[in-house]
Amino acid sequence: EAAAEKKRWTLNDFDIGRPLGRGKFGHVYIAKEKRSNHIVALKVLFKSQLKQSQVEHQLRREVEIQSHLRHPNILRLYGYFYDQKRVYLILEYAARGELYKELQRCKHFSERRAATYVASLARALIYCHGKHVIHRDIKPENLLIGAQGELKIADFGWSVHTFNRRQTMCGTLDYLPPEMVESTEHDASVDIWSLGILCYEFLYGVPPFEAKEHTDTYRRIVKVDLKFPSKPVVSSAAKDLISQMLVKESSKRMPLHKLLEHPWVVQNAEPSG
Ligand SMILES: Cn1ncc2ncnc(NCCc3cnc(NC(=O)Nc4cccc(C(F)(F)F)c4)s3)c21
């Protein structure tokens with residue numbers, strides 16, 4: 001394993017297979033590492049596009065963050081390499097593909113399936129937050145399904161390390177302006193809100209604040225204009241959990257470990273196995 005990290009990979013180390021998906025910055029292909037016959041996903045990114053969008057630092061941060069994360073519900077990033085024009089990400093292959101396609105196919109998930117996914121996401125986020133990493137981009141497009149149907153959080157392109165400035169400002173806070181001291185706008189509770197949105201979308205098939213115009217969606221979010229349709233029928237326990245996560249005051253959102261003890265999760269989620 002450690003040896004694998006040191007190795008300089010090149011495209012010649014892989015047999016490239018069918019495309020798995022196409023993203024904004026490039027395509028993903030299934031691939032087989034020739035020496036080990038190990039199946040991986042290879043994301044190909046064009047340097048020109050990365051430069052144009054000025055996201056190189058984000059990619060570096062993703063690779064750095066991902067190299068320390070090991071969790072069954074987090075898609076592994078094994079390594080990367082580059083050539084003249086492209087950067088390649090060597091990723092764990094999720095055999096059952098993209099969750100959003102599954103949600104489109106089923107319209108909405110059963111309460112058991114939704115609770116199972118929400119519980120595994122909560123465990124993955126507890127693990128990330130324990131390492132001061134917040135994902136910040138939890139949505140169906142970034143969720144994949146492994147060979148045993150298990151959920152995998154992918155694409156840490158927007159994740160950040162939340163270092164506590166107090167520790168890194170060499171002791172004194174006295175000279176920090178208010179906005180620096182209370183720089184909590186991006187604390188881990190952003191992921192709790194997103195998980196609440198996801199839970200709603202798993203059960204109803206649409207996100208709670210969806211609207212035709214962006215301005216209307218924005219207005220509904222800041223107002224937390226949360227409504228539960230009469231169809232499909234959803235248990236009051238599920239609605240109770242969602243209502244405790246979609247709270248405007250970030251410090252008042254249900255903490256992730258409390259989510260795992262919520263009756264709806266306890267009664268509906270499959271044991272993590
Ligand atoms: C579709 N599909 N089906 C099966 C399957 N199995 C594995 N993977 C798949 N798809 C790839 C999932 C990803 C995981 N990590 C990613 N990371 C990323 O795309 N990072 C990234 C890109 C461009 C720019 C930036 C930057 F610079 F802004 F940070 C960051 S994408 C699969």
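Annotations for the structure displayed:
- Looking across segment 48-63, the residues that are within 18 Å of Leu77 (Cβ to Cβ) and surrounded by 11 or more Cβ atoms within 10 Å (Cβ to Cβ) come down to Leu50, Val55, Glu56, Gln58, Leu59, Arg60, Arg61, Glu62, Val63.
- Residue-level check: of (1) within 11 Å of the ligand (Cβ to nearest atom); (2) surrounded by fewer than 17 Cβ atoms within 10 Å (Cβ to Cβ); (3) more than 25 Å from Gly146 (Cα to Cα), Pro19 misses just (3).
- For segment 219-271, a residue qualifies if it is touching a helix residue (DSSP H, G or I) at 6+ places or on another chain (Cβ under 8 Å) and small (Gly, Ala, Ser), and the qualifying residues are Ser235, Ala237, Ala238, Ser250, Ser251, Ala269.
- In this entry, Pro255 is excluded by the filter for residues that are within 20 Å of Tyr117 (Cβ to Cβ) and over 21 Å from the mean Cα position of the chain (by Cα).
- Complete set of residues in segment 235-251 that are modelled with pLDDT under 95 and assigned to a helix (DSSP H, G or I): Ser250, Ser251
- Hits in segment 33-46 - residues which are surrounded by fewer than 17 Cβ atoms within 10 Å (Cβ to Cβ), in contact (Cβ under 8 Å) with a residue 12 or more places away in the chain and within 14 Å of the ligand (Cβ to nearest atom): Ile39, Phe46
- Pairs, first more than 12 Å from Leu203 (Cα to Cα) in segment 96-107, second surrounded by fewer than 14 Cβ atoms within 10 Å (Cβ to Cβ), C-beta under 7 Å, six or more apart: Arg96/Ala147; Arg96/Gly149
- Single residue of Phe81, Phe25 found to be within 10 Å of the ligand (Cβ to nearest atom) and of a type in the set (Phe, Trp, Tyr): Phe25
- For segment 47-58, the set of residues classified as within 11 Å of the ligand (Cβ to nearest atom) and touching a residue at least 24 places away in the same chain (Cβ under 8 Å) consists of Lys47, Gln49, Leu50, Ser53, Val55, Gln58, listed by residue number.
- Just so you know, in segment 99-158 the residues that are at pLDDT 95 or above, within 16 Å of the ligand (Cβ to nearest atom) and of a type in the set (S, T, N, Q) include one that is surrounded by the fewest Cβ atoms within 10 Å (Cβ to Cβ), and it is Gln148.
- Meets criteria (within 28 Å of Asn37 (Cβ to Cβ), of a type outside the set (Lys, Arg), touching a Gly at 6+ places or on another chain (Cβ under 7 Å) and in a loop (DSSP other than H, G, I, E, B)) for Ala147: no
The values are calculated or read from the model by the stated rules, or taken from the named source; none is laboratory data. Quick caveat, the model's predicted, so the values are computed rather than measured. Quick reminder, even Gly has a Cβ in these numbers, built from the backbone with ideal geometry, and neighbours come from all protein chains shown.
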